[in-house]
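Read the structure below first, then the notes.
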C-alpha cells in the first residue's frame, strides 16, 4: 500500500474513527490514520477537539480550583537524556528595567509536549507521510498545536495507587511495564468511561520519586544509559487499546510515557518504541514529565478523576516540542 495515501477521504465533518484493526497499515506494519483528517493535516488526533468537546470538558468543573501541571524548568537537574542545562542571563538597562535571555534551553527538558515531528513512524517517514526534509522545513511542528491551543477533558488514571492497592511490587524508577489490564483496572477504580478526544493522564509517581533523589543519583540517571522508568508496555495490544479508546493525547509524569529503556535493540519489532505508533502512525499527542501529584491528591479526596485541561504550547515555528504550560481546572 502506498503510505502517502492510506485510503481516507476527508469531508467537512470529522469521520467516525475506525477500530485499530480496520486501519490501513504502513510499510512498517502498524495501523495508521494518515489522510483521515486530510492529506496536509498536521494536528493529528487533536482534530477531535472543537467547541463541543470544550463545552463537554467544562462540565468537569465543579469547584473552580486550578492546578498547575508543570514542574519548574530546572526541576530535572541535570536534565535527563544528557541534555544541557540552560543558563539565564539578566541585564539591568540604563532606565532600570530588567531584561533576560536564556541559552541552551531545551523545551523538552521539563514538563513538555512531543510534537508530531519528534519521532518518525519509521525511518524517513513521519505522521501523515511527511518526509524528513519536510519535517526539517517545519511540517508537523508544535506551531500547529500552538495555533489552536489544547483544551479537552483530562482523565486521571493513578497507576501507582492502583498497583499498590493491587498488592504489586512497584518502583517508579524501574522498568515496570504497565499492561492494558493495568490501565483498565485503574480506569474502573476511577469510575470513568472514556470519551472521544479525552486527554489521558497517567500518574506513575516518577516525578515525585525523582524529587526525593539525592544529587549523586540525579547525576547518575541523567545519562540515559543509567535511567529506567515505569511506563506503558511495548506491545501492539497497548497501541490497539490507546487507539480504540479514541483519546487525543496520552500524558504521564515519566520521561517517555512508555516503559524505559525502550526497544532500540529490536528494530524488527515495530512496537519496541511505542512513540512510533502513537506519534508517527496515529498522530496522538504525547506529554511527558508532568506533575500529577496535586491533581491525584485532589482526586482521591473527592473521588473525581476528570478535569478540564488547558494547555498553550510554545508558538515556535518548526519546533519539535514545547513546555506543557498546562492547567487542570476542577
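It is to be established whether one or more residues within the range 239-261 are touching a residue at least 12 places away in the same chain (Cβ under 8 Å) and over 28 Å from residue 43 (Cβ atoms).
Yes, some residue in the range 239-261 is touching a residue at least 12 places away in the same chain (Cβ under 8 Å) and over 28 Å from residue 43 (Cβ atoms).
Give the residues of the range 141-184 that are buried (at least 18 other Cβ atoms within 10 Å of the Cβ), farther than 20 Å from residue 247 by Cβ and without any contact (Cβ under 8 Å) to a residue 24 or more places away in the chain, sorted by residue number.
163
With the condition being at pLDDT 95 or above and within 24 Å of residue 124 (Cα to Cα), I'd like the strands (runs of 3 or more DSSP E) fully within the range 235-330 carrying at least 3 qualifying residues.
285-288
Can you tell me which residue within the range 185-213, out of those that are without any contact (Cβ under 8 Å) to a residue 40 or more places away in the chain and part of a helix (DSSP H, G or I), is nearest to residue 111 (Cα to Cα)?
So, considering only residues that are without any contact (Cβ under 8 Å) to a residue 40 or more places away in the chain and part of a helix (DSSP H, G or I), the one nearest to residue 111 (Cα to Cα) is 209.
If a residue must be at pLDDT 95 or above and farther than 23 Å from residue 303 by Cα, how many such residues does the range 149-169 contain?
Residues meeting the conditions: 2.
Show me the strands (runs of 3 or more DSSP E) found entirely inside the range 31-141 where at least 2 residues are over 17 Å from the mean Cα position of the chain (by Cα).
Qualifying strands (runs of 3 or more DSSP E): 66-68, 87-92, 98-103.
Does residue 129 count as at positive phi and modelled with pLDDT under 95?
When the stated conditions are applied, residue 129 does not pass them.
Could you tell me which residue of the range 309-320 is nearest to residue 60 (Cα to Cα), considering only residues that are surrounded by fewer than 22 Cβ atoms within 10 Å (Cβ to Cβ) and touching a strand residue (DSSP E or B) at 6+ places or on another chain (Cβ under 9 Å)?
Only one residue tops the list, namely 310.
For the range 10-60, name all the residues that are at pLDDT below 95, touching a strand residue (DSSP E or B) at 6+ places or on another chain (Cβ under 8 Å) and farther than 14 Å from residue 281 by Cα.
Answer for the range 10-60, where residues must be at pLDDT below 95, touching a strand residue (DSSP E or B) at 6+ places or on another chain (Cβ under 8 Å) and farther than 14 Å from residue 281 by Cα: just 10.
Out of (1) at pLDDT below 95; (2) touching a strand residue (DSSP E or B) at 6+ places or on another chain (Cβ under 6 Å); (3) within 23 Å of residue 245 (Cβ to Cβ), what's the single condition that is false for residue 192?
All conditions are met except number (1).
Look through 286, 273 and report the one residue that is closer than 17 Å to residue 197 by Cβ and buried (at least 19 other Cβ atoms within 10 Å of the Cβ).
On inspection, the qualifying residue turns out to be 286.
If you scan the range 82-117, which residues turn out to be in contact (Cβ under 8 Å) with a residue 24 or more places away in the chain and either surrounded by fewer than 18 Cβ atoms within 10 Å (Cβ to Cβ) or out of contact with any strand residue (DSSP E or B) (no Cβ under 6 Å at 6 or more places or on another chain) (or both)?
Those that are in contact (Cβ under 8 Å) with a residue 24 or more places away in the chain and either surrounded by fewer than 18 Cβ atoms within 10 Å (Cβ to Cβ) or out of contact with any strand residue (DSSP E or B) (no Cβ under 6 Å at 6 or more places or on another chain) (or both): 82, 83, 105, 106, 109, 110, 111, 116, 117.
Looking at this structure, is residue 71 at pLDDT 95 or above, surrounded by 17 or more Cβ atoms within 10 Å (Cβ to Cβ) and over 30 Å from residue 32 (Cα atoms)?
Considered against the rule, which asks whether it is at pLDDT 95 or above, surrounded by 17 or more Cβ atoms within 10 Å (Cβ to Cβ) and over 30 Å from residue 32 (Cα atoms), residue 71 comes out as yes.
Kindly indicate whether any position in the range 214-222 is modelled with pLDDT of 95 or more, under 19 Å from the mean Cα position of the chain (by Cα), surrounded by 14 or more Cβ atoms within 10 Å (Cβ to Cβ) and outside any loop (DSSP other than H, G, I, E, B).
no
The values are calculated or read from the model by the stated rules, or taken from the named source; none is laboratory data. Values in this document were obtained by computation on a predicted structure and should not be read as measured data. Please note: Cβ atoms are built from the backbone with ideal geometry, for glycine as well, and neighbour counts cover all protein chains shown.
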